[in-house]
Amino acid sequence: VITVLRYGHRPQRDKRITTHTALVSRAFGADRFVLAGPDEVPCRTVNSVTKRCGGKFTAENTPNWRKFLRDFKGVRVHLTMYGLPLSDVVDKLRSAKDMLVFVGAEKVPPDVYQTCEYNVSVGNQPHSEVAALAVFLDRITQGKWEKRDFGGKLKVVPQERGKKMEEE
Ligand SMILES: C[S@@+](CC[C@H](N)C(=O)[O-])C[C@H]1O[C@@H](n2cnc3c(N)ncnc32)[C@H](O)[C@@H]1O
């Protein structure tokens, strides 16, 4: 089970990008998304996608992300450009039964680097939590997310050109 914990969301500035971290979590093989702080929009958006497009994915807010991180039972991974290269640790991480993936927005407090069992970088250049998460989940699942059947009411039928959706 893979849980993504999104830290540092600023409701005005980050609404879209936080929603994208939630959508990427769902699409790329995570099972649960937890947002630090009170903004309900990102979780509501992804939960409504899950309702229409399927899967067992859940999204919720936590009022106390530090407690959530501290109490999490499993392997905690903080995605940061300062961490160890993903390719060096991914094989070890894959065997984890339960994993928490911590992604930031603004500056991540120093204690997170200590609490997490792993600080992992997706390259050592600064980029984006959305990109870091997508590449991380792709590597962890070895690309299996692509073949996952969400079993939703609404399904895309892949086309060479144009758009086709099937409704159950
Ligand atoms: C836009 S960055 C800002 C980071 C912030 N300046 C800091 O020093 O903590 C937001 C998030 O994207 C993720 N991120 C950005 N670049 C990354 C990289 N090269 N490897 C892994 N994660 C990365 C991290 O989770 C980070 O907290």
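Worth a mention:
- Number of the condition not met by SER48 [criteria: (1) touching a Ser or Thr at 6+ places or on another chain (Cβ under 8 Å); (2) modelled with pLDDT of 95 or more]: (1)
- Here LYS155 meets each of (1) more than 24 Å from LEU5 (Cβ to Cβ); (2) in a loop (DSSP other than H, G, I, E, B) with one exception, condition (2).
- Candidates LYS164, LYS73, LYS155, filtered to the one that is in contact (Cβ under 8 Å) with a residue 60 or more places away in the chain and over 20 Å from THR21 (Cα atoms): LYS155
- Contacts under 8 angstrom Cβ, first residue in region 3-14 being among the basic types (Lys, Arg), partner within 10 Å of the ligand (Cβ to nearest atom), 6 or more apart: ARG6/THR21; ARG6/VAL103; ARG6/ALA105; ARG6/GLU129; ARG10/ALA105; ARG10/GLU106
- A Cβ distance below 9 Å, combined with a sequence gap of six or more or placement on separate chains, defines the contacts here; from region 110-128, residues that are over 9 Å from VAL77 (Cα atoms) reach no residue that is exposed (fewer than 11 other Cβ atoms within 10 Å of the Cβ).
- Of residues in region 69-128 being part of a loop (DSSP other than H, G, I, E, B) and more than 13 Å from the ligand (Cβ to nearest atom), the one nearest to TYR7 (Cα to Cα): PHE72
- Of residues in region 139-152 being touching a helix residue (DSSP H, G or I) at 6+ places or on another chain (Cβ under 7 Å) and touching a residue at least 60 places away in the same chain (Cβ under 8 Å), the one surrounded by the most Cβ atoms within 10 Å (Cβ to Cβ): ILE140
- Enumeration of residues in region 48-67 that are surrounded by fewer than 18 Cβ atoms within 10 Å (Cβ to Cβ) and within 30 Å of ASN124 (Cβ to Cβ): THR62, ARG66
- Counting only residues that are under 22 Å from LYS147 (Cα atoms) and under 15 Å from the mean Cα position of the chain (by Cα), region 16-48 holds 16 of them.
The values are calculated or read from the model by the stated rules, or taken from the named source; none is laboratory data. If you're wondering where the values come from, they're calculated on a predicted model, not measured in any experiment. Ideal geometry is used to build each Cβ from the backbone, glycine not excepted, and the neighbour counts take in all protein chains shown.
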